[in-house]
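J.: The structure follows.
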Amino acid sequence: MDEVVELCRDLIRIDSTNAGDNAGPGERAAAEYVAEKLAEVGLETTILESDDRRANVIARIEGADPGRDALLLHGHLDVVPFDASDWKHHPLEGEVSEGCVWGRGAVDMKDMDAMILAVVRQRLREGRRPSRDVVLMFTADEEAGGVYGANFLVDEHPGLFEGVTEAIGEVGGFSVSVGEDRRLYLIEAAEKGMAWMRLTATGRAGHGSMLNSDNAVTELAEAVGRLGRYEWPVRLTPTMRTFLEEVGGEEAVSGLGPLSRMIGAALRNTVNPTMLDAGYKSNVIPQTASAVIDGRFLPGFEDEFFATVDELLGPNVTREFVQHQVALEFGFEGPLVRAMTEALQAEDPDGRAVPYTMSGGTDLKAFSRLGIKGYGFAPLKLPAELDFSGMFHGVDERVPVDSLQFGVRVLDRFLDLC
């Protein structure tokens, strides 16, 4: 608890921006910082680079019962880009102000990285081993699909995961206030699949002053408009049925405030157009036009998603994957879930843990290819007025100091219970 804030600030001050083009500063400096902090308490670490500066840190802590299956604790070291001029405090300063640590990565996810480091360092200093082997993994490139991070480790170094059957990471364990007297802790038990796709329309090139009924830009624009305006029907997965029962039904989602944007997206498939590209001169009709869309599909509804996308695109627009990753869903039951629930309730007896589906994705998609079952569990007790979901990739990202210290206590207890 004494050092988690400084660990978080230090990590924020290390620029590990990932714009998705492999041209940024990379994660090497952050990886070396993590390795140094673990080495200070006697833990041997390995740094693996998938490319220049794209570094991952791995360590293994022997548990009291090494015969049990191992647990993976994972966090990513990269962050998304920012425009510092939009921020109240510079996003790389790690400023502590108004009871919060400010900066890019404060919630996504250098806060969890810091909590893991703080708990592990304290336990190793005191000689307290976890109940079973714990593998620590701090990855690169999560913000761009994990090519240089989690997927690289799974593909090239599967031996690192020997004996690992379960995992915890982002995004879950955070509190949300429901009404005036209920506090729920949302544990990610499922996450939507990812379908980032490039759309292409091909037409007849020509002079912009002439008639042209085969205009690629027009064809593409109409297809993008159909996709962007389509109202996807509600589709309830087992996880979200349980969630809605806890909050009081679908009509109660709007009462969750800003969080309703994320929860609403977990009730249906979604598509959002994100990029457009066409033409090279104002009076030249181009032969091709392209766009990129961010599609997300619910567990169990992938086939329906792609059938609908293809129908909306029509026959004259093709699609290809930029990224295609699976949807995940795990039952909200068993010893690991009980350990998370008990650890939370020990620190907040009035809180209640409930499962939810994350609208985005995490490194767990890669780890699941090895048969690893995982949950989002980065515990934070948050002020009711904080727009927590808006902090992800947003301006003025910040995490309350009290929340970090709460998370340390919960994670420490969890490692004894799991």
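J.: What's the number of the only condition in (1) over 20 Å from the mean Cα position of the chain (by Cα); (2) part of a loop (DSSP other than H, G, I, E, B); (3) not aromatic (F, W, Y) that E342 fails to meet?
T.: If we test E342 against (1) over 20 Å from the mean Cα position of the chain (by Cα); (2) part of a loop (DSSP other than H, G, I, E, B); (3) not aromatic (F, W, Y), just (2) comes out false.
J.: Then there is this: On the basis of being under 30 Å from R204 (Cα atoms) and touching a strand residue (DSSP E or B) at 6+ places or on another chain (Cβ under 7 Å), does V326 make the cut?
T.: no
J.: Can you list residue pairs whose Cβ atoms sit under 6 Å apart, with the first residue in the stretch 79-90 being at negative phi and the second being among the small types (G, A, S)? Count only pairs 6 or more apart in sequence or on different chains.
T.: Matching pairs, first to second residue: V79/S16; V79/G105; P81/A19; H90/A84.
J.: Among the residues of the stretch 206-229, which ones are surrounded by 15 or more Cβ atoms within 10 Å (Cβ to Cβ) and not charged (D, E, K, R)?
T.: Residues satisfying the conditions are G206, N212, N215, A216, V217, T218, L220, A221, A223, V224, L227.
J.: If a residue must be open to solvent by less than 30 Å² (accessible area, probe 1.4 Å), assigned to a loop (DSSP other than H, G, I, E, B) and in contact (Cβ under 8 Å) with a residue 60 or more places away in the chain, how many such residues does the stretch 360-409 contain?
T.: Of the residues in the stretch 360-409, 10 are open to solvent by less than 30 Å² (accessible area, probe 1.4 Å), assigned to a loop (DSSP other than H, G, I, E, B) and in contact (Cβ under 8 Å) with a residue 60 or more places away in the chain.
J.: Go through the stretch 109-131 and count every residue that is of a type in the set (D, E) and either out of contact with any helix residue (DSSP H, G or I) (no Cβ under 8 Å at 6 or more places or on another chain) or open to solvent by 10 Å² or more (accessible area, probe 1.4 Å) (or both).
T.: Adding up the residues that qualify gives 1.
J.: Going through the stretch 100-141 one residue at a time, which ones are out of contact with any strand residue (DSSP E or B) (no Cβ under 6 Å at 6 or more places or on another chain), closer than 15 Å to Y33 by Cα and hydrophobic (A, V, I, L, M, F, W, C)?
T.: Once the filter is applied, which keeps residues that are out of contact with any strand residue (DSSP E or B) (no Cβ under 6 Å at 6 or more places or on another chain), closer than 15 Å to Y33 by Cα and hydrophobic (A, V, I, L, M, F, W, C), the stretch 100-141 yields A114, M115, L117, A118, V120.
J.: For the stretch 143-159, name all the residues that are crowded, with 19+ Cβ neighbours inside 10 Å and touching a helix residue (DSSP H, G or I) at 6+ places or on another chain (Cβ under 8 Å).
T.: G145, G146, G149, A150, N151, L153, V154
J.: Please go through the stretch 160-170 and pick out each residue that is closer than 17 Å to D111 by Cα and open to solvent by 10 Å² or more (accessible area, probe 1.4 Å).
T.: Answer for the stretch 160-170, where residues must be closer than 17 Å to D111 by Cα and open to solvent by 10 Å² or more (accessible area, probe 1.4 Å): just E170.
J.: Is there a residue being within 28 Å of G145 (Cβ to Cβ), modelled with pLDDT of 95 or more and in a loop (DSSP other than H, G, I, E, B) anywhere in the stretch 110-131?
T.: No, every residue in the stretch 110-131 fails to be within 28 Å of G145 (Cβ to Cβ), modelled with pLDDT of 95 or more and in a loop (DSSP other than H, G, I, E, B).
J.: Separate question: Could you check, for the stretch 140-155, whether at least one of its residues is of a type in the set (A, V, I, L, M), in a strand (DSSP E or B) and at pLDDT 95 or above?
T.: no
J.: Okay, moving on. State whether the residues of the stretch 333-341 include one that is modelled with pLDDT of 95 or more, β-branched (V, I, T), within 23 Å of E143 (Cα to Cα) and crowded, with 16+ Cβ neighbours inside 10 Å.
T.: no
J.: Residue check: is G99 without any contact (Cβ under 8 Å) to a residue 12 or more places away in the chain and at positive phi?
T.: Judged against the criteria, G99 is not a match.
J.: Let me ask another. Is it the case that some residue within the stretch 186-195 is open to solvent by 20 Å² or more (accessible area, probe 1.4 Å) and farther than 14 Å from P355 by Cα?
T.: Looking for residues that are open to solvent by 20 Å² or more (accessible area, probe 1.4 Å) and farther than 14 Å from P355 by Cα, one finds none in the stretch 186-195, hence no.
The values are calculated or read from the model by the stated rules, or taken from the named source; none is laboratory data. Only a predicted model underlies this, so the values are computations on that prediction, with no experimental measurement involved. As a convention, Cβ positions derive from the backbone with ideal geometry for all residues, glycine included, and neighbour counts pool all protein chains shown. Only protein heavy atoms, including side chains, enter the accessible area calculation; ligands, DNA and RNA are left aside. Shrake-Rupley method; radii C 1.70, N 1.55, O 1.52, S 1.80 Å.
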